[in-house]
Amino acid sequence: MRKIDFTKMSGAGNDFLVLEAHAGLNYPRLALKACARTNGIGADGLLILDKSIKADYKMRIINANGSEAEMCGNGIRCLAAYISRNKKPRKKMFTIETLAGIIEATVIGTRPQVHLPAPTGYRACIPIMVNGHQRQVSYIDTGVPHTIVFVNDLDKIDVATIGRVIRYHDQFKPRGTNVDFVEEVNNRLVCVRTYERGVEAETKACGTGSVATAIIFYLRINPDIRFKKAVQVKVRTIGGEILEVTFDINEGQAINVWLKGSANFIARGEYYV
């Protein structure tokens, strides 16, 4: 029997098992077992800290279903906090390689902050059929694909059913999409519930989904904006935490995107493979 050291962490309600890279370990199989809520430790996914030749560190994110994600906003904030505590980086701002590109990260107090690549593929007002009803949705790739659905009754939305249909909709093939249901509170605050691809269920939070939500919300209420510095939108997750998203608008596109929020250390232990 092989023992794997892990740290369990939570970022805004997303929970992860953080472990350092092990040669020859089957990460998808490990994720399926270790992330199981009843017969495992329980988590939304694995965060693998590895060496990089392109950046200071490398992150792999393996979802609970064994698939590998390009990026994870709350996951990379947790990994940044783990690095700050356990690796004592010499630089205040360090870099992490991901499948979505190189991410800059820093930790101020207990709040990790990550500088994300500029989003791509923004499309607004996409008509799609969902269970016999037409809905208008918007799409953006914030490292992973996200579809935003604005609603007026967030507490009553059947996230699992509607989210699953949109997640696998022909409009978003072959990659599929995460689905964020969003309700406006005011012009600086929105609430969101997310059906997460890879977890295949609603999660307590989604960092890249919060970024997608903030950007699309701002562009929706400011359709003619071309240039703006230091836009700030706060996103309240179903877990109750508020994440802060800041960005600039340049020629109608979001750039210089930062995601800020807390990351909590829950436990350390050994998992038996």
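The values are calculated or read from the model by the stated rules, or taken from the named source; none is laboratory data. Since we're looking at a predicted model, the values are computed, not measured. Heads up, the Cβs are rebuilt from the backbone with ideal geometry, glycines too, and the neighbour counts pull from every protein chain shown.
Looking at Lys58, Lys54 in this structure, which one is over 21 Å from Ile266 (Cβ atoms) and part of a strand (DSSP E or B)?
Lys58
Please enumerate the residues belonging to the stretch 81-135 that are in a strand (DSSP E or B), exposed (fewer than 13 other Cβ atoms within 10 Å of the Cβ) and free of Cβ contacts under 8 Å to residues at least 12 places away in the same chain.
Those that are in a strand (DSSP E or B), exposed (fewer than 13 other Cβ atoms within 10 Å of the Cβ) and free of Cβ contacts under 8 Å to residues at least 12 places away in the same chain: Ile108, Pro127, Met129, His133, Gln134.
Test Gly269 against the stated conditions and say whether it is outside any strand (DSSP E or B), closer than 20 Å to Cys78 by Cα and not hydroxyl-bearing (Ser, Thr, Tyr).
No.
Which of (1) out of contact with any Pro (no Cβ under 6 Å at 6 or more places or on another chain); (2) buried (at least 18 other Cβ atoms within 10 Å of the Cβ); (3) of a type in the set (S, T, N, Q) is the odd one out, the single condition Asn256 does not satisfy?
With respect to (1) out of contact with any Pro (no Cβ under 6 Å at 6 or more places or on another chain); (2) buried (at least 18 other Cβ atoms within 10 Å of the Cβ); (3) of a type in the set (S, T, N, Q), Asn256 is out only on (2).
Of all the residues that make up the stretch 132-178, how many are closer than 19 Å to Ala100 by Cβ and β-branched (Val, Ile, Thr)?
Residues that pass the stated criteria total 6.
Quick one: in the stretch 201-230, of everything that is β-branched (Val, Ile, Thr) and surrounded by fewer than 21 Cβ atoms within 10 Å (Cβ to Cβ), which residue is farthest from Gly42 (Cα to Cα)?
Ile225
Would you check if there is a residue in the stretch 5-21 being free of Cβ contacts under 8 Å to residues at least 40 places away in the same chain and either assigned by TED's automatic domain parsing to the domain that holds Gly143 or loosely packed, with under 13 Cβ neighbours inside 10 Å (or both)?
Yes, because at least one residue in the stretch 5-21 is free of Cβ contacts under 8 Å to residues at least 40 places away in the same chain and either assigned by TED's automatic domain parsing to the domain that holds Gly143 or loosely packed, with under 13 Cβ neighbours inside 10 Å (or both).
Under 7 Å by Cβ, and 6 or more places apart or on different chains, what pairs join a residue from the stretch 159-185 that is closer than 15 Å to Val199 by Cβ with one that is surrounded by fewer than 17 Cβ atoms within 10 Å (Cβ to Cβ) and of a type in the set (Asp, Glu)?
none
Here is a list: Val179, Val165, Val185. Which entry is among the aliphatic types (A, V, I, L, M), assigned to a strand (DSSP E or B) and either more than 23 Å from Val233 (Cα to Cα) or over 17 Å from the mean Cα position of the chain (by Cα) (or both)?
Val185
Residues to consider are Ile4, Ile41; find the one that is in contact with a strand residue (DSSP E or B) (Cβ under 9 Å, 6 or more places away or on another chain) and in a strand (DSSP E or B).
Ile4
Exactly one of (1) part of a strand (DSSP E or B); (2) closer than 29 Å to Thr7 by Cβ; (3) not assigned by TED's automatic domain parsing to the domain that holds Tyr57 is unmet by Gly143. Its number?
Only one criterion is unmet by Gly143, namely (1).
Would you mind stating whether Thr177 is within 30 Å of Leu47 (Cα to Cα), crowded, with 17+ Cβ neighbours inside 10 Å, among the hydroxyl-bearing types (Ser, Thr, Tyr) and not assigned by TED's automatic domain parsing to the domain that holds Gly75?
So Thr177 passes the test.
Is it the case, given these coordinates, that Arg164 is touching a Gly at 6+ places or on another chain (Cβ under 8 Å), farther than 23 Å from Met9 by Cα and in the same structural domain as Asn256 (by TED's automatic domain parsing)?
So Arg164 fails the test.
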